[in-house]
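In what follows, a single structure is set out as structure tokens and then discussed.
The values are calculated or read from the model by the stated rules, or taken from the named source; none is laboratory data. Keep in mind that this is a model prediction, so the values were computed, not measured. Every residue, glycine as well, gets a Cβ built from its backbone with ideal geometry; the counts of neighbours run over all protein chains shown.
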Amino acid sequence: MQLHTLNRSPLVSNVWRQALTAMSGDDRLLLIEDGVQGALAPQVGRFADIRGRLFALREDLEARGLLERCAEGIQIIDVDGFVDLTAEADKVIGWY
Amino acid sequence: MTDNVATGGDVLVILRHGPHGGSLLREGLDTALVAAAFGKRVSLLFMGEGAAALVSGQTAGALGQKGTHATLAMLEMYDIETLLVEAEALEGLGLVMADAEMDVQPVSAAEVADQVAAHALVMTF
Amino acid sequence: MRYAIVVLGGPYSHQASHSGLRFAKALIARGHQLEAVFFYHDGVYNAARLAAPPQDEPHLVDGWVELHRQHNVRLDVCIAASLRRGLLDEGEAQRHGKQGHSVEAPFELTGLGQLIDLGLSCDRLVTFAP
């Protein structure tokens, strides 16, 4: 099980597609930095195929005023949770 | 795992950026070359805009920027045997295999995921 | 677990170095070990010793130095990427006939081989990029 991180907004870059292409099995995707815009209701449908395996970093949502605007079904974690996700995965792949 | 693509390896370098517009392609290639020079089994995957790195007939930039075509020519010399390109990426640029500078194997989306899973270290540039 | 972090973004211009430093501190606080941070691409700007951000803004360069001082984290900076971007330590400045230098210890100019070594020998490699 691998962890993929995504730091670009789907409104700006289509690297989110490449991240999804590279994911297999029960891999997880963590949205960080501007990538947390992908957690908004109008954007989250792009990640429908990995429902239940999608995470977003709390502090990046908070800084952008998006914490209360996050769509349902996304697991919001803090930086400690981020560390734990990396430890649980076999390896971490960054998409930017 | 698919049978027609060499699987497994130490390092998979995924190149997602084209030549000249930025330094990431060059920096990714340098990383792959160093890994190969250190005796690691290296695979290169050109993904998305990275397919533009493969177009034949590239030159230096107008200000003398080197570009990456000369470096790509060195890949074989450095024992980087596994050269892959995302099939969809070639199509997106309107390229066919004959346009490619060198011998790369087109792979499907599923094969991309397989390659990522099969290498111990995956780095994207 | 033994971690290595790669930083590809410069301080201030992108969030990469902020995220990287936060993550570095968190993983150590959580009981893991951070072997080294490898700076490549624009990440080499994190080694700029003359960086002088306003007092009320985070000082990334100092942050990395503090990480080294408190937890013995190695700060490896890709030499090829550095030279191109005007980041030279005393040795390189002399070699290139430049007055002054822009990188000093604990940042160490090193080769890409170090990155490969970290990636293959550490348990986890996490990248923060622009």
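One table, with the values for the structure above:
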quantity	calculated
Members of region C:99-130 that are under 21 Å from C:GLU66 (Cβ atoms) and facing another protein chain (nearest Cβ under 9 Å)	C:VAL126, C:PHE128
Candidate set from region A:16-32 (those that are more than 13 Å from B:MET47 (Cβ to Cβ) and within 8 Å of chain B (Cβ to nearest Cβ)); member that is nearest to the chain's Cα centre (by Cα)	A:MET23
The listed residue being within 12 Å of another protein chain (Cβ to nearest Cβ) and either in contact with a helix residue (DSSP H, G or I) (Cβ under 8 Å, 6 or more places away or on another chain) or modelled with pLDDT of 95 or more (or both), out of C:HIS41, C:HIS68, C:HIS96	C:HIS41
So C:VAL37, is it closer than 18 Å to C:PRO106 by Cβ, touching a Cys at 6+ places or on another chain (Cβ under 8 Å) and not hydroxyl-bearing (Ser, Thr, Tyr)	no
Entirely in region B:50-125, the helices (runs of 4 or more DSSP H) that have 1 or more residues that are within 14 Å of chain A (Cβ to nearest Cβ) and closer than 23 Å to A:HIS4 by Cα	B:87-92, B:109-118
Candidate set from region C:71-86 (those that are in a loop (DSSP other than H, G, I, E, B) and more than 14 Å from chain B (Cβ to nearest Cβ)); member that is surrounded by the most Cβ atoms within 10 Å (Cβ to Cβ)	C:VAL73
Region A:50-96 - residue that is small (Gly, Ala, Ser) and in a helix (DSSP H, G or I) and, of those, farthest from C:LEU125 (Cα to Cα)	A:ALA63
Hits in region C:17-41 - residues which are touching a residue at least 12 places away in the same chain (Cβ under 8 Å) and more than 10 Å from the chain's Cα centre (by Cα)	C:HIS18, C:SER19, C:PHE23, C:ALA24, C:LYS25, C:LEU27, C:ILE28, C:HIS32, C:GLN33, C:LEU34, C:GLU35, C:HIS41
Failed item, numbered, when B:LYS40 is tested on (1) surrounded by 14 or more Cβ atoms within 10 Å (Cβ to Cβ); (2) part of a helix (DSSP H, G or I); (3) of a type in the set (D, E, K, R); (4) free of Cβ contacts under 8 Å to residues at least 60 places away in the same chain	(2)
Looking only at region C:103-123, and only at residues there that are buried (at least 22 other Cβ atoms within 10 Å of the Cβ) and in contact (Cβ under 8 Å) with a residue 24 or more places away in the chain, the one that is nearest to the chain's Cα centre (by Cα)	C:PHE107
Out of C:LEU87, C:LEU83, sole residue that is of a type in the set (A, V, I, L, M) and either in contact (Cβ under 8 Å) with a residue 40 or more places away in the chain or in contact with a Pro (Cβ under 6 Å, 6 or more places away or on another chain) (or both)	C:LEU87
